[in-house]
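A quick write-up on the structure given underneath.
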Amino acid sequence: MHRALRRIEAVNHRFWDFGPPLGSFSRKRGCALMGQIFRPRANSFARIALLALFLVILLPFGIGFALVRSPYLTGVDDVPRQPVPFSHQHHVSGLGIDCRYCHDSVEHAAFAGMPPTETCMTCHSQIWTDAAMLEPVRESWRTGKPLRWTRVYDLPDFVYFNHAVHVSHGIGCTTCHGPVGRMPLTRQATPLFMSWCLDCHRAPEKYVRPREHVFDPDWTPPRDQLVQGRQLVHEYGIRVGKLTDCSQCHR
Amino acid sequence: MRPAKRGFRRLSILLGMLVPLLLCGCERDMADQPKYEPLEAAAIFPNDQSARPLVEGTVARDAVLEPRPERSPLPMTEAVLKRGRERYDIYCSPCHGRTGDGEGMIPERGFPRPPSYHSDRLRNAPDSHYYDVITEGFGIMFSYANRVAPEDRWAIVAYIRALQLSQHATRDDVREAGLEDKLREAK
């Protein structure tokens, strides 16, 4: 009996050192004897209060992180206003036009290339020639003033990116840009975080596909992607260890 | 001063110095540097174009200066044909169709129908005719010179020749290629 009480005292002492130890009495009696300020319930209050304090300190960080990762700040799913409501769904899925018909430097340059007015006019000089929504295209053709598309994807200038390298190593458009061929208006599909780039640079076998499917807007990974991916990584000579060097992207 | 109070003061000075340092992280000046990304707008140039159009008469450093030959300078290898097919499918097939019969997707939507490559006139046209059509355009067809490099133009010509052969192959051609079984299967 005496020993058990001593143990309680020790425990009390270790955790809530609010006053002098209670002595070897039961707690109720202890109160009466020593004019104790805190009731036993205070223990729970103190715990809750500490927890609350902790949360209040963490909350701004939590909100901060959530905000930074939210579509509101990353622009994911944003559909910027464009001078012409151009539809990839119509032109890519509907008409079967290859990405390279319009984004013609994507295979051999850092910049993917945006179609000049002339490219639209190869078809729209003959069809839909009086559609009102194509008036900006015709005006641009008449005056020589370029169409001003709003960027959907935009990395900060301190990051170097190169389309040709990715395309020639078997990374497909839809891995980074989502199902463009099914978008009536182009929206941003990926956040462009550094961690997003690194996720693939650490383990490209999760995403790499055969070169002949790079431009395929409907490609889906096979069941054994990891096995095939590893083979392709080897075949295309992807330098996995090197791809996380800071100087690859910040040069 | 009591030690506790002094400690508190030191702590707040330290924090006061650290917090502005942390706030520096919010400054993202380098995210938009004073340089032009490709095709970025620039108020100081005509039409607000930072990408300046080439001066008339510019010759590319690696341009071929000899006049283009009458016949394709490329050998008819499998690699050339593959390249030709790829380029043809990207740039020509929307209108001329995968087999070159002029039944592409775009004519189906109301674009004037281009002629079939399998007519006698076009089958007898020299290689250079196709090359010139790609370079300069033809009638209502626009030029594709800015998107199809000279080498690729010859590859496309090679592939069109193969398409023309394929549509006029005889039984003997099939036997020579050892594909009779396939033909029977297809039937």
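Computed values, structure above
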| quantity | calculated |
| --- | --- |
| Calculated FRET value between residue B:49 and residue B:108, using beta carbons and R₀ = 22 Å, to 0.05 | 0.05 |
| Test item: Cα-centred dipole of the stretch B:78-186, Lys/Arg +1 and Asp/Glu -1 on Cβ, debye | 220 |
| Inter-label distance, nm, simple model (7 Å from Cα along the C-beta direction), residue A:90/residue B:62 | 3.7 |
| Debye equation applied to the C-alpha atoms of the stretch B:126-173, log10 I(q)/I(0) at 0.27, 0.30 Å⁻¹ | -0.97, -1.08 |
| Distance cut-off 19 Å, percentage of C-alpha pairs in the stretch B:78-186 lying past it | 48 |
| Separation in nanometres of the label points that stand 7 Å from Cα toward Cβ, at residue B:41 and residue B:9 | 5.6 |
| Heavy-atom accessible area ranking, 1.4 Å probe, most first, across A:223, B:147, A:239 | A:223, A:239, B:147 |
| Net charge contributed by nearby residues that have their C-beta within less than 11 Å of residue A:99 (K/R +1, D/E -1) | -3 |
| Straight-distance crosslink candidates among aspartates and glutamates, where the alpha carbon sits under 13 Å from residue A:242 and sequence neighbours closer than 8 are dropped | none |
| Mean Kyte hydropathy of 0.5 or more with a Cα span along the axis of at least 27 Å, helices from DSSP in chain B | B:3-23 |
| Value of relative contact order over the stretch A:36-131, rounded to a whole percent, pairs C-alpha under 8 Å and six or more apart | 9 |
| Residue-averaged 222 nm ellipticity for the protein assembly as shown, from DSSP H runs of 4+ at -39500 (n - 2.57), nearest 500 | -13000 deg cm²/dmol |
| Residues in the stretch B:90-112 occluded by at least 40 Å² - accessible area, probe radius 1.4 Å, against chain by itself | B:90, B:91, B:105, B:106, B:109, B:111 |
| Per residue, in Å², the accessible surface of chain B once ligands and nucleic acids are set aside, probe 1.4 Å | 72 |
| Positive-end residue of B:72, A:105, B:90, charge dipole of the protein assembly as shown with Cβ unit charges | A:105 |
| Cα-only radius of gyration and Dmax that characterise the stretch B:1-144, units Å | 31.4, 107 |
| At least 18 Å along the helix axis (C-alpha) and Kyte average at least 1.0, DSSP helices within chain A | A:41-69 |
| Charge dipole magnitude, Cβ of K and R +1, D and E -1 - the protein assembly as shown, Cα centre, debye nearest 20 | 4220 |
| Chain A: projected area of the alpha-carbon convex hull, averaged over directions, in nm² | 24.6 |
| Area buried, chain A against chain B - accessible surface, total, 1.4 angstrom probe, square angstrom | 2700 |
| Percent carbon-and-sulfur accessible area, chain A, ignoring ligands, DNA and RNA, probe 1.4 Å | 63 |
| Theoretical gain in end-to-end length, residue B:71 to residue B:179 [0.36 nm per residue, Cα-Cα removed] | 35.9 nm |
| Shielded by partner chains, the stretch B:6-43 residues - at least 20 Å² of accessible area, 1.4 Å probe, vs chain alone | B:28, B:30, B:31, B:33, B:35, B:37, B:38, B:39, B:41 |
| Share of carbon and sulfur in the accessible heavy-atom surface of chain B [1.4 Å probe, %] | 58 |
| Per residue accessible area of chain A, 1.4 Å probe, in Å² | 66 |
| Residue (of B:169, B:183, B:143) at the positive-pole extreme of the stretch B:78-186, dipole from beta-carbon charges | B:143 |
| When the convex hull of its Cα atoms is projected in every direction, mean area for the protein assembly as shown (nm²) | 40.2 |
| Lys, Arg +1 and Asp, Glu -1 on Cβ, resulting dipole of the stretch A:83-231 about Cα centre, debye, nearest 20 | 220 |
| Signed unit charges on C-beta, dipole axis of the stretch A:50-177, positive-most listed residue A:55, A:96, A:76 | A:55 |
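The values are calculated or read from the model by the stated rules, or taken from the named source; none is laboratory data. As the structure is a prediction and not an experimental result, all values here were calculated from the model. Positions of Cβ are backbone-derived with ideal geometry, glycine not excepted, and every protein chain shown enters the neighbour counts. The area values use the complete protein model at the heavy-atom level, side chains included, leaving out ligands, DNA and RNA. Shrake-Rupley method; radii C 1.70, N 1.55, O 1.52, S 1.80 Å.
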